[in-house]
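Inspection log for the structure reproduced underneath, given as structure tokens.
The values are calculated or read from the model by the stated rules, or taken from the named source; none is laboratory data. These numbers come from a predicted model, not from an experiment. Cβ placement follows ideal geometry from the backbone for every residue including glycine, while neighbour counts extend to all protein chains displayed. Only protein heavy atoms, including side chains, enter the accessible area calculation; ligands, DNA and RNA are left aside. Shrake-Rupley method; radii C 1.70, N 1.55, O 1.52, S 1.80 Å.
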Amino acid sequence: MNLYLRYFDQETLVSNVDEAIDFLAGIDEIGMNPVLENDIRDYVASDVFYPKRYKVRPRIYFIIIKTEAATMQDFKEKKAVRPAAEGGTRERGMAPAMVRLNEVKPGWYEGSIDFKRVLLVPGTGKFQYRDTHFVARVKAMSGIDCYNRIVAHLQERVDERSQFPSAKGKNFKFYYLGQAK
């Protein structure tokens, strides 16, 4: 795997983290230090494929992108796109999370949801949104059924202006606990 680095009009494609650190150390404005170096090494060693952005000063950043591209030309032409997920789910337009969410598997589920709850502030008499974490174990047919049951339960008990996240997002998680008895 190679690394693409860019700071304004200075860019490079390197084959390892040491070359990346040498490139960044050559730019005085970045101010390479051991903490930044360790963070870059951790990012490169991780399984994360999202681009990483580092702040140099207010509204000024440099970026690092992991890529399979062998040359800068390949990177610019987007020839080294990561392969699709196993099982061809991306080819059908469904991400693996969506497949898991809709998979019918009757039993007990533990679902956790982070939502915006409307609460009255006693001193002022005004309402405000508060981040609220809720966990429940429910008997359901699938992950989406688990989500729907939790949201239906909460809608009966909280202010109607409360906001619930999408089941597809990062604010809802579920775990299959086992067969219903």
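Under the definition of Cα pairs under 8 Å and six or more residues apart, what whole-number percent is the relative contact order of region 1-78?
Relative contact order of region 1-78: 37 percent.
Just the accessible area per residue of the chain, please: how many Å² with a 1.4 Å probe? If you can, show how the numbers build up before the last one.
Numbers: 12310 Å² over 181 residues.
Value for the chain: 68 Å² per residue.
So which aspartates and glutamates pass the test for K126, namely a Cα distance under 18 Å, with those fewer than 8 places away in the same chain ruled out?
Straight-distance partners of K126: D159, E160.
Hey, in the GNM for the chain with a 10 angstrom Cα cutoff, which one of A69, A152, A140 fluctuates hardest?
A152
Place +1 on the Cβ of every Lys and Arg and -1 on the Cβ of every Asp and Glu in the chain, take the dipole about the Cα centre, and give the residue among S166, M72, M1 whose Cα lies farthest towards its positive end.
S166
Once every DSSP H run of n ≥ 4 in the chain is given -39500 (n - 2.57) and the sum is divided by its residues, what mean residue ellipticity at 222 nm do you get, rounded to the nearest 500 deg cm²/dmol?
Rounded to the nearest 500, it is -7000 deg cm²/dmol.
Net charge around C146, counting only other residues with Cβ within less than 12 Å of its Cβ (Lys, Arg = +1; Asp, Glu = -1)?
Once positives and negatives cancel, what remains is +3.
Placing +1 on the Cβ of each Lys and Arg and -1 on the Cβ of each Asp and Glu in the chain, which of S142, L13, V48 has its Cα farthest towards the positive end of the resulting dipole?
It is S142.
For the chain, modelled as a GNM with alpha-carbon contacts under 10 angstrom, which of F115, F23, F127 fluctuates the most?
F127
What pairs in K79/K173; K76/K168; K66/K168; K105/K173; K55/K79 have C-alpha atoms more than 23 Å from each other? Write out the running numbers ahead of the final one.
Numbers: K79/K173 34 Å; K76/K168 31 Å; K66/K168 26 Å; K105/K173 16 Å; K55/K79 28 Å.
Among K79/K173; K76/K168; K66/K168; K105/K173; K55/K79, the Cα-Cα distance tops 23 Å for K79/K173; K76/K168; K66/K168; K55/K79.
Per the 1.4 Å probe, what fraction of the accessible area of the chain, in percent, lies on carbon and sulfur atoms?
Details: 6230 of 12310 Å².
Whole-percent figure for carbon plus sulfur exposure: 51.
Name the shape class, rounded, prolate or oblate, that the alpha-carbon gyration tensor gives for the chain, where a ≥ b ≥ c are the square roots of its eigenvalues, rounded holds for a/c under 1.5, and otherwise prolate holds if a/b is larger than b/c and oblate otherwise.
Because a/c hits 1.5 or more and a/b fails to exceed b/c, the chain counts as oblate.
Taking springs between alpha-carbon atoms closer than 10 angstrom, which of Y147, Y109, Y54 fluctuates most in the Gaussian network model of the chain?
Y54
Given labels modelled 7 Å from the Cα in the Cβ direction, how far is it in nm from A136 to R100?
That separation, rounded to one decimal, is 2.2 nm.
How high is the relative contact order of the chain? Use alpha-carbon pairs under 8 Å, at least six apart in sequence, and give a whole percent.
Dividing the mean separation by the residue count of the chain yields 18 percent.
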